[in-house]
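Please read the structure below before turning to the comments.
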Amino acid sequence: MNELISQRWSPRAFDPTATITDDDLHTLFEAARWAPSHGNSQPARFVVGQRGTPTFAAIYETLRPGNKTWAHRASVLLIGCVITQDDRGDLPNIEFGLGLAMENIALQAVDLGLIAHMMGGFDKQAAHATFDMPDDVRPLVVMALGHHGNLADLPEDLQAREQRERRRHPLSETTFTGTWGQSLFG
C-alpha cells in the first residue's frame with residue numbers, strides 16, 4: 001500500500017502560526033480537480049478561507065461547538081460542496097465525486113507535509129445562506145488544512161483522542177465474495 005494512504009489521518013492539533021503557500025493551495029485543488037466522478041461530471045466545488053480572512057471566519061462560524069475548540073488554529077478552512085445539475089440535467093452520484101475530490105486533497109496534503117481533518121459537524125443551511133450559494137449547490141463537508149501543531153493546545157479529551165491507536169476494521173469484516181459475510185480474505 002502507498003505510504004500516503006497509511007500516513008493519512010485526521011489530527012486536530014494545528015499550528016496556529018503556520019500558513020499554506022499559494023502554490024501549495026493550488027496543488028491541493030489541482031489534486032481535487034483530477035478526481036474521478038460519475039460521467040466526468042466533476043460536481044465538486046469549494047469555498048476556501050485562509051486564516052485571518054473574512055471567508056475563514058464565516059466558515060468557522062458555521063462549525064458545531066466541538067469543532068470550534070480546535071479548528072480556529074487551522075491555516076485553511078474549506079467547505080466541500082456539490083452542484084446537483086449541469087447542462088445534462090440532474091447529476092447522479094455527486095457525493096461520490098466530492099468524496100473522491102476531498103480524498104485527493106487529503107492525500108495531496110500528506111505529500112506536502114500538511115495535515116487535513118474533515119468535518120460533518122457544521123450548519124449546512126447557514127453555510128448555504130452565508131455564501132449565497134445557488135439552489136443547485138449543496139454544502140456537504142468542511143475540511144481544516146494546515147501544519148501539525150502542539151498537542152497540548154487541545155482540550156484534554158481531544159489530546160487523548162489524538163494519541164489513541166488508529167484502528168480499521170479487518171478486511172475479513174468488510175470484503176466479501178460469494179455471499180454476504182463470506183470473507184474474500186478468510
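The values are calculated or read from the model by the stated rules, or taken from the named source; none is laboratory data. Source: prediction; values computed, not measured. Don't worry about glycine lacking a Cβ; one is built from the backbone with ideal geometry, like all the others, and counts go over all protein chains shown. When the accessible area is computed, the model is the full protein with side chains, heavy atoms only, and any ligands, DNA or RNA have been set aside. Shrake-Rupley method; radii C 1.70, N 1.55, O 1.52, S 1.80 Å.
With just the Cα atoms defining each centre, how far is segment 41-88 from segment 118-149? Give it in Å. Each part's Cα centre sits 4 Å from the other's.
Strictly greater than 29 Å: what percent of every Cα pair in the chain meets that?
Roughly 28 percent, rounded to a whole number.
Charge dipole of segment 38-130 (Cα centre as origin; +1 on each Lys and Arg Cβ, -1 on each Asp and Glu Cβ, all else neutral): 400 debye, rounded to the nearest 20.
Accessible surface of segment 78-149, 1.4 Å probe: 49 percent of it comes from carbon and sulfur atoms. Quote the FRET efficiency, to the nearest 0.05, computed for Met1 versus Thr53 with a Förster distance R0 of 41 Å and r equal to the Cβ-Cβ distance. Working from the Cβ atoms, E equals 0.65.
Between the residues Pro54, His26, Phe122, the greatest Cα displacement towards the positive end of the dipole of segment 1-152, with unit charges on the Cβ of Lys, Arg, Asp and Glu, is found for Phe122. Given axes a ≥ b ≥ c from the Cα gyration tensor, I'd like to know whether segment 5-49 is rounded (a/c under 1.5), prolate (a/b larger than b/c) or oblate. Taking the square roots of the gyration eigenvalues as a ≥ b ≥ c, segment 5-49 is prolate.
Under 5 Å between amide hydrogens, built in the peptide plane, is the criterion, and for Ile115 it picks out Gly146, His147, His148 among residues at least 5 positions away or on other chains.
Calculate the FRET efficiency for Leu184 and Thr27 from the Cβ-Cβ distance with a Förster distance of 45 Å, rounded to the nearest 0.05.
Working from the Cβ atoms, E equals 0.80.
Under the convention that each Lys and Arg Cβ holds +1 and each Asp and Glu Cβ holds -1, the size of the dipole of the chain around its Cα centre is about 480 debye. Helical runs (DSSP H, four residues minimum) scored at -39500 (n - 2.57) apiece and divided by the length of the chain put the mean residue ellipticity at 222 nm at -10500 deg cm²/dmol. The coefficient of translational diffusion for segment 126-186, derived via Stokes-Einstein from the alpha carbon Kirkwood radius under 25 °C and 0.890 mPa s, stands at 147 µm²/s.
Dipole of the chain computed with +1 at Lys/Arg Cβ and -1 at Asp/Glu Cβ about the Cα centre; of Phe96, Ser183, Trp9, farthest Cα towards the positive end is Ser183.
Rolling a 1.4 Å probe over the heavy atoms of the protein chains gives segment 28-126 an accessible area of 45 Å² per residue. Each residue of segment 46-52 is assigned a 3J(HN,Hα), and the resulting list reads 9, 10, 10, x, 8, 3, x Hz, derived from the Karplus form 6.51 cos²θ - 1.76 cosθ + 1.60 (θ = phi - 60°), x at Gly and Pro.
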